[in-house]
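The values are calculated or read from the model by the stated rules, or taken from the named source; none is laboratory data. Since this is a predicted model, take the numbers as computed values, not measurements. Methodologically, a virtual Cβ is constructed for each residue, glycine included, from the backbone with ideal geometry; neighbour enumeration extends over all protein chains shown.
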Amino acid sequence: MSPRVGLDVTTIMNTAIEIANKEGLEAVTLATLAKTLNIKTPSLYNHIDGLTGLREKIALYGLEQLYQQMADAAIGKSGDDAVREIGMAYISFARNHPGLYEATLKAPDSSVELQKAGGRIVELTSRILTAYNLEDDAVIHAVRGLRSILHGFASLEQKGGFGLPLDLDKSLQLLIDTFLAGIKTMKKS
């Protein structure tokens, strides 16, 4: 079967990401995608390796985009300013691309490409946290802590978990500042 003219991986990916951002990642099925693209489901197999392959491509794209947004935010910054900026970039990404963000968390059992893409985010965060003179294990604990804070905040916000009428960005800023105060107590002696 020859591929449909005008249909390519980019079109399929963009459509899948649009569905995920509007309706959630679970709404991205091959049937839904085919219907949205006005094609028959088997036509998708000329371009992608099934739903698992599509979700892996989406996850990889999402990790690359998240990395780039965080890296761009960190340019010219260091220390507390860099941590605050990458934190805000992370939350901004989750807010603006909820389905794509979700895909980065539900990546299929790590292919080499996904491991590398996730590793770049860890490396970026680790480099920023070296300003605090943390020892090797302490850097990893700090990276995990920051990710947990940011993911928890993003998840609660996406699920409508913050019902009180207070500025969410102010809450996030206070949370990151509390994290920063904590890692400063972990410095090498």
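Got a sec? Which of GLN115, GLN158 is touching a residue at least 24 places away in the same chain (Cβ under 8 Å), within 30 Å of LYS57 (Cα to Cα) and within 14 Å of the chain's Cα centre (by Cα)?
None of the others qualify; the one that does is GLN158.
Based on what the data block shows, is ASN21 in the same structural domain as PHE153 (by TED's automatic domain parsing) and closer than 30 Å to SER171 by Cβ?
So ASN21 fails the test.
Can you tell me which residues in the range 134-151 are outside any helix (DSSP H, G or I) and either surrounded by 14 or more Cβ atoms within 10 Å (Cβ to Cβ) or small (Gly, Ala, Ser) (or both)? Talk me through it step by step, then tell me what you get.
Step one: of the range 134-151, the residues outside any helix (DSSP H, G or I) are 134-135.
Answer for the range 134-151, where residues must be outside any helix (DSSP H, G or I) and either surrounded by 14 or more Cβ atoms within 10 Å (Cβ to Cβ) or small (Gly, Ala, Ser) (or both): just LEU134.
Quick check on the range 44-68: of everything there that is crowded, with 17+ Cβ neighbours inside 10 Å and of a type in the set (Ser, Thr, Tyr), which residue is farthest from the chain's Cα centre (by Cα)?
So, considering only residues that are crowded, with 17+ Cβ neighbours inside 10 Å and of a type in the set (Ser, Thr, Tyr), the one farthest from the chain's Cα centre (by Cα) is TYR61.
Need the failing condition index for TYR101 against (1) surrounded by 13 or more Cβ atoms within 10 Å (Cβ to Cβ); (2) modelled with pLDDT under 95; (3) in a helix (DSSP H, G or I), just the number.
Condition (2) is where TYR101 drops out.
Looking at VAL9, is it touching a residue at least 24 places away in the same chain (Cβ under 8 Å), surrounded by fewer than 20 Cβ atoms within 10 Å (Cβ to Cβ) and out of contact with any Cys (no Cβ under 6 Å at 6 or more places or on another chain)?
Answer is yes for this residue.
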